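I have placed the structure first, in the form of structure tokens, so that the comments after it can refer back to it.
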Amino acid sequence: MLNDWGGTSLKTTIADYWSIDPVSLLDFLQSAPNGLKEEEAQHRFQALSSKPTFSLPRDFSLMLSQFKSPIVILLIVSSLLSATVRDFTDAAIILSIIFFSGFLGYWQERGAQNAVDSLQSLVQMTCKVLRDGKILDIPQTNVVPGDIVILSAGDTIPADGVILESNHLFVDEASLTGESFPVGKSPGTVTPDTPLSRRTNVLHMGTHVVSGTARMLAVKIGKESVFGSISSRLKLRPPETEFEKGIRRFGYLLMEVTLLLVILIFAVNVYFHRPVLEALLFSLALAVGLTPQLLPAVISVNLARGARTMADRKVIVKRLSAIENIGSMNILCSDKTGTLTEGVVQVDSSLDPAGRPDPAVLRLAALNSWFESGFSNPVDAALKDTQPEGFPQVEKLGEIPYDFVRKRLTILVREKGSTLLVTKGALKGIFSVCSWVATQNGPVPIADFQETIFEVYRSSSAKGYRVIGVAYGQLPAPEPLGAENEKDLVFAGFILLKDPVKETAKRAIRDLRDLGVSLKVVTGDNALVASTVAGEVGLDETRILSGEDLRSMTDEALVHAVGNVDVFADVDPNQKERIILAMKKAGNVVGFLGDGINDSPALHSADVGISVDTGVDVAKEAADLVLLQKDLEVLRDGIREGRKTFANTMKYVFMATSANFGNMFSMAWASLFLPFLPLLPKQVLLTNLLTDFPEMAIASDRVDDDLLRTPRRWDIGFIKRFMTVFGLLSSVFDFMTFAALLLVFKAGTETFRTAWFVESVVSASLIVLVIRTRKLFWKDKPGSILMMATGCIVTMTIGLPFSPLGPILGFTPLPVGMMIAIALIV
């Protein structure tokens, strides 16, 4: 056995594996052309797996993150200092409250992360490997050195390795080398000093197959791979989303307000010759009260709950922040196949070049589909179904895989002693390599039939059929097959395919429009087919822009045009990306729904990349959301959930910047004219903890229907205005409380603090029920969990001064008259 697969790294022993011939490399890795034995593969996986057996490191990091705020750290240090020179009990209480708040945030975030991890396992990426001579589907993370990986178009490469066999293999390595065009790959060896971009015999983890097929010997996995080492070294993270930018800007806003207030309050208290340590603790406690400590936990809980609810509606969230983005989305771009249509392709008929039925054309097309070895697709599946017996007397000699430049697939076969080349694909792609047309009297020059061919194509497309062309040719002898052989072919005829429009499509598009989301169809099909389907699903007065028109437009012109176009037809992958970028430049939040290899650039560029569980690996990997069912109705439900999640997150933001801000602002001003601190530092922290507690239940709250009707985004300007107006309004009632306590009831220090604590917590807890809705609060019932949490906190707060904990916390029982006055003010 090679090493023990647990201690010795392969990094040093086979650093230049691209220069070693594959046979020697197989021997070194103790593998074979028919793959590893399953038992040996499992042993290697268990020995090399870097997954921890328990989650302590992540949990420990998550717990520490609850105390990363500089203000909280200063408060802890000040409390410890206070314990050495003053009251140990007060310091212990302050530290207990801080750590309990941190534990509450940790517990919520931990539960949210675990829930999301379990959901994401539902869309686990798999790959094909050869073990014991059998092809198996396994998770990509289970590939081990020595595995033989089988690759085809659309597959993401799960490890670094060398090519053992390939057939017209092209790989997209842009994520590693920056090369925008697919790179041709083939077996062989290169010198040890060959740079990464020129290692034509090596495939790298994280890149993907654009076309062709291959068998690869896996050599390096995980962090040992090139991509893995770059990621771990640079700690790569995805680009910041609009939602994350909003949170960051909100954090900056609160930091500015908090620092200004802390410095002012501390300076004034020191000026009035109050104890420096007490003034510092009070100022820091106020800062903690102003800081929405639980915002990360509230956001995590909200997003995790949204992810679980979306999973129930067949939408799996891969990136949590995408939940908010899908709620903000106002344009959805989608292909028509499988979204507007059933996605179940059926062969309607086969026609000769003159448009007459011809079964010979169908046989040629089915022959091509039976022997293609690229990624499976509905067209080939439908053509195979027309020939259930297959072609047992036919031998495959070669293949030129489909790509998005040629837009055709070619195979070379031997039948009855002669070779035959058969190609099928988009009509323009087929027509460009044909010199002849098949007729009843034999082949004639294609120029004589050009107008007839395109008339059949136009009339069939206008009826909603997808039309593909079929051609054939004779090769004198088998030879290495290449694109140069696709010439002087005979055009055989057409295959007409139908894909019925979904019954639910029209209703789903109407529902999306009601939610403020415009649907744009982006398809590789021709304009006639796209227009027909668009009309059937209710996109009236369809405005179409073709790929040919796009090529002649500047980026600036496209930005102005995209808003007025409903259908983009006959577009290639790069044009899809251009369309998405133009829509974003025009100020839209854009979603893109795609499941093919050619959709990957657009999925990366969109604000919300959406794929489906049946899509190719590279599409699912690029997506933020994965649909378990390719249906616009599923996506409509996902949009509503995204908006609910965003609305509930905003509720917490408004609560943190209104009642809490008002209370802390009032305490700050009161400390300037009162002969004593209005609340002790431990009481300020307790106020903050108790008012935050019911807000943790906000994720389960109901959301007003009017908040779901239109896309919503962060508005820091509105938050500033809300914080100022509502905070000052709250302070007016706080000063009314101060006046009542000092002038009417002549309250002493402990009584004042107790009454003010009760009023602060009760009012801040109840105001949640008002801020959570734009309706009259008694007409819009809150969620049951939120209502229960609020009720518990109000009851606990009123009873706390009468409990044994009251004296320890500095509280005293209040007289009945004072309680009634507080109730009236609240």
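The values are calculated or read from the model by the stated rules, or taken from the named source; none is laboratory data. For clarity, every value in this text was computed on a predicted model and none was experimentally measured. Glycine gets a Cβ as well: all are built from the backbone with ideal geometry, and neighbour counts include every protein chain shown. Each accessible area value is taken on the protein alone, full model and side chains, heavy atoms only, with ligands, DNA and RNA left out. Shrake-Rupley method; radii C 1.70, N 1.55, O 1.52, S 1.80 Å.
Filtered by the rule that a residue be surrounded by 21 or more Cβ atoms within 10 Å (Cβ to Cβ) and farther than 14 Å from ASP352 by Cα, the stretch 434-463 gives CYS434, SER461. Scanning the stretch 776-794 for residues that are closer than 23 Å to PHE661 by Cα and open to solvent by 90 Å² or more (accessible area, probe 1.4 Å) returns PHE777, MET787.
Within the stretch 529-550, the set of residues being in a helix (DSSP H, G or I), in contact (Cβ under 8 Å) with a residue 12 or more places away in the chain and more than 13 Å from LYS336 (Cβ to Cβ) comprises GLY547, GLU548, LEU550. Which residues, counting only those in the stretch 622-645, are under 20 Å from THR156 (Cα atoms) and buried (at least 22 other Cβ atoms within 10 Å of the Cβ)? The answer is ALA622, ALA623, ASP624, LEU625, VAL626, LEU627. Just to be sure before I move on: is SER731 over 29 Å from the mean Cα position of the chain (by Cα) and modelled with pLDDT under 85 in the structure I sent? So SER731 fits the description; yes. For the stretch 476-502: of the residues being part of a strand (DSSP E or B) and among the aliphatic types (A, V, I, L, M), which is most open to solvent (accessible area, probe 1.4 Å)? The residue in question is VAL501. Tell me, which residue of the stretch 793-818 that is touching a residue at least 60 places away in the same chain (Cβ under 8 Å) and outside any loop (DSSP other than H, G, I, E, B) is nearest to VAL684 (Cα to Cα)? Filtering first and then ranking leaves LEU809. Being free of Cβ contacts under 8 Å to residues at least 40 places away in the same chain and either under 30 Å from ALA304 (Cβ atoms) or of a type outside the set (Asp, Glu) (or both), is that true of even one residue in the stretch 708-716? Within the stretch 708-716 (the criterion being free of Cβ contacts under 8 Å to residues at least 40 places away in the same chain and either under 30 Å from ALA304 (Cβ atoms) or of a type outside the set (Asp, Glu) (or both)), the answer is yes, since at least one residue qualifies.
Against the list (1) closer than 30 Å to ILE316 by Cβ; (2) surrounded by 21 or more Cβ atoms within 10 Å (Cβ to Cβ), the condition SER531 fails is (1). If the condition is being open to solvent by 30 Å² or more (accessible area, probe 1.4 Å) and under 15 Å from ALA365 (Cβ atoms), then the stretch 416-433 contributes only ALA426. Among the residues of the stretch 319-356, the one identified as modelled with pLDDT of 80 or more and basic (Lys, Arg) is ARG356.
Considering only the stretch 601-621, I want to know if a residue exists there that is of a type in the set (Gly, Ala, Ser), assigned to a helix (DSSP H, G or I), crowded, with 24+ Cβ neighbours inside 10 Å and over 13 Å from the mean Cα position of the chain (by Cα). Checked against the condition, which is being of a type in the set (Gly, Ala, Ser), assigned to a helix (DSSP H, G or I), crowded, with 24+ Cβ neighbours inside 10 Å and over 13 Å from the mean Cα position of the chain (by Cα), the stretch 601-621 yields at least one hit.
When you scan the stretch 587-600, do you find a residue that is under 28 Å from ILE157 (Cβ atoms), open to solvent by less than 10 Å² (accessible area, probe 1.4 Å) and among the aliphatic types (A, V, I, L, M), even just one? Yes. Listed conditions (1) of a type in the set (Phe, Trp, Tyr); (2) under 30 Å from the mean Cα position of the chain (by Cα); (3) buried (at least 22 other Cβ atoms within 10 Å of the Cβ) are all met by PHE654, apart from (3). Scanning the stretch 571-599 for residues that are outside any loop (DSSP other than H, G, I, E, B), within 27 Å of ARG712 (Cα to Cα), of a type outside the set (Asp, Glu) and touching a residue at least 24 places away in the same chain (Cβ under 8 Å) yields LYS576, ARG578, ILE579, ILE580, LEU581, ALA582, MET583, LYS585, VAL590, GLY591, PHE592, LEU593. Would you say ASP734 is over 30 Å from ALA92 (Cα atoms), among the charged types (D, E, K, R) and surrounded by 13 or more Cβ atoms within 10 Å (Cβ to Cβ)? So ASP734 fails the test. Report whether or not LYS779 is farther than 25 Å from ALA670 by Cβ, among the basic types (Lys, Arg) and free of Cβ contacts under 8 Å to residues at least 24 places away in the same chain. So LYS779 fits the description; yes. Checking the stated criteria, THR724 turns out to be more than 25 Å from ALA304 (Cβ to Cβ) and open to solvent by 20 Å² or more (accessible area, probe 1.4 Å). For the stretch 357-393, a residue qualifies if it is under 40 Å from the mean Cα position of the chain (by Cα), among the β-branched types (Val, Ile, Thr) and modelled with pLDDT of 90 or more, and exactly one does: THR386. Of everything in the stretch 503-517 that's open to solvent by less than 60 Å² (accessible area, probe 1.4 Å) and not in a helix (DSSP H, G or I), which residue is nearest to ARG543 (Cα to Cα)? The extreme case among them is VAL517. For the stretch 355-377, the candidate set comprises residues that are touching a residue at least 60 places away in the same chain (Cβ under 8 Å), open to solvent by 40 Å² or more (accessible area, probe 1.4 Å) and among the hydrophobic types (A, V, I, L, M, F, W, C); within that set, the residue that is farthest from VAL209 (Cα to Cα) is ALA360. Report whether or not LEU383 is more than 20 Å from GLU484 (Cβ to Cβ), in contact (Cβ under 8 Å) with a residue 12 or more places away in the chain and surrounded by 13 or more Cβ atoms within 10 Å (Cβ to Cβ). Yes; evaluated as a whole, the condition is true for this residue. Considering ILE247, ILE263, ILE230, the condition of being surrounded by fewer than 22 Cβ atoms within 10 Å (Cβ to Cβ) and either modelled with pLDDT of 75 or more or of a type in the set (Asp, Glu) (or both) is satisfied by ILE263 alone. Scanning the stretch 551-569 for residues that are open to solvent by less than 60 Å² (accessible area, probe 1.4 Å) and not in a strand (DSSP E or B) turns up MET553, ALA557, LEU558, VAL559, ALA561, VAL562, GLY563, VAL565, ASP566.
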